[in-house]
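A short write-up of the structure that comes next.
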Amino acid sequence: MFNELVTALQALGTPAEGRATIPFYAGEMNNAEPNYGTVRLDAEGDALWANGEQQEQALQGSIDVFINEKDIQPIPAVQAILRAQGVSYKLYSIQHETARKLIHYEWVFELEGL
Amino acid sequence: MRYQFEFNDTLTQFFDGLEGGVNGVASAALYKGAGVVADAISGAISGIQTEPYRRVNEGDPKRKPSPEEKAVLGQGHFGIAKFRKGGAEVTTSIGMGNSGYGSLGRSGKSVPVPVIARSIDSGTSFMQKQPFLRKALNTAGKEALAVIEAEIDSRFQSIIDRHK
């Protein structure tokens, strides 16, 4: 499920009319650069155990998008992908980095682990 | 994070007036549950990775929080709010929302503690992300709920036993 999500998000790196263009990377971005997105898994969100076996597991991860203030905001583009992939999500925070004129969008999502 | 327990009216009337009533039991249970969450947050703070402070220009590798920034979080600047009792509700909040300012030493300037906590938890364009709060609350929330339920059960049971 996670790999499909990464592939779908990476399609946002191809410029298209009327939506934000965001090059996406899996994992942490090492360098401080503007205009990119990362997607990563952080931890187990919730799990259901029965009969000594794990029956259900939700993996929790996060998506961070750093984008210039003047660029098209990425909320519709990212959330359309999350919905299409059947991933539950929350727009966790929107933080303004005024010194660098960047906006940091953060989503926390959960997807099926098993 | 918000949990709600409801008691039916007959039960509430029965326990009201005894040992501080339902609110007394709820406060005691909530206090134990809040302790579980507070402990988990302390543990998560001590697990934050640090590196000496350095300036990050565009294109440089992102930095980790400095030891001073971590120390500000760890110096007991977070806590459990005073319990509010209103009607049949007892509420509290745990976190760094009202934890004041911490001095970072290197320049002597004060930075609001929630801003530091937030920048480590979410990451910024210049700082690596370490979601210590979110991860701690994922697991501690469920543990706290179990502790609260067990405490409510045992207190009610002891009241019942005494009035048999």
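Of all residues being more than 18 Å from B:Gly47 (Cβ to Cβ) and of a type in the set (A, V, I, L, M, F, W, C) in segment B:114-136, which is farthest from the chain's Cα centre (by Cα)? Just the residue, please.
In this case the residue turns out to be B:Phe126.
Could you tell me which of the residues A:Gln79, A:Gln60 is of a type outside the set (Ser, Thr, Tyr), at pLDDT 90 or above and within 20 Å of B:Lys135 (Cα to Cα)?
Just one listed residue meets the conditions, A:Gln60.
Out of segment A:93-114, which residues are surrounded by 16 or more Cβ atoms within 10 Å (Cβ to Cβ), touching a Ser or Thr at 6+ places or on another chain (Cβ under 7 Å) and in a strand (DSSP E or B)?
Residues satisfying the conditions are A:Gln95, A:Glu97, A:Leu102, A:His104, A:Glu106, A:Trp107, A:Val108, A:Phe109, A:Glu110.
Hey, among the residues in segment A:12-46 that are free of Cβ contacts under 8 Å to residues at least 40 places away in the same chain and small (Gly, Ala, Ser), which one's farthest from the other protein chains (Cβ to nearest Cβ)?
The selected residue is A:Ala16.
Collect the residues in segment A:30-62 that are surrounded by fewer than 16 Cβ atoms within 10 Å (Cβ to Cβ), touching a strand residue (DSSP E or B) at 6+ places or on another chain (Cβ under 7 Å) and acidic (Asp, Glu), keeping them in residue-number order.
A:Asp46, A:Glu56, listed by residue number.
Please find, within segment A:51-76, the residue that is nearest to A:Arg19 (Cα to Cα) out of those that are among the charged types (D, E, K, R), away from every other protein chain (no Cβ under 11 Å) and assigned to a strand (DSSP E or B).
The selected residue is A:Glu56.
When segment A:96-108 is examined, which residues are found to be in contact with a strand residue (DSSP E or B) (Cβ under 8 Å, 6 or more places away or on another chain) and over 21 Å from A:Thr21 (Cβ atoms)?
Matches in segment A:96-108: A:Val108 only.
The values are calculated or read from the model by the stated rules, or taken from the named source; none is laboratory data. Because the structure is predicted, anything quoted here is derived from the model rather than measured. Cβ: placed from backbone, ideal geometry, glycine included. Neighbour counts: every protein chain shown.
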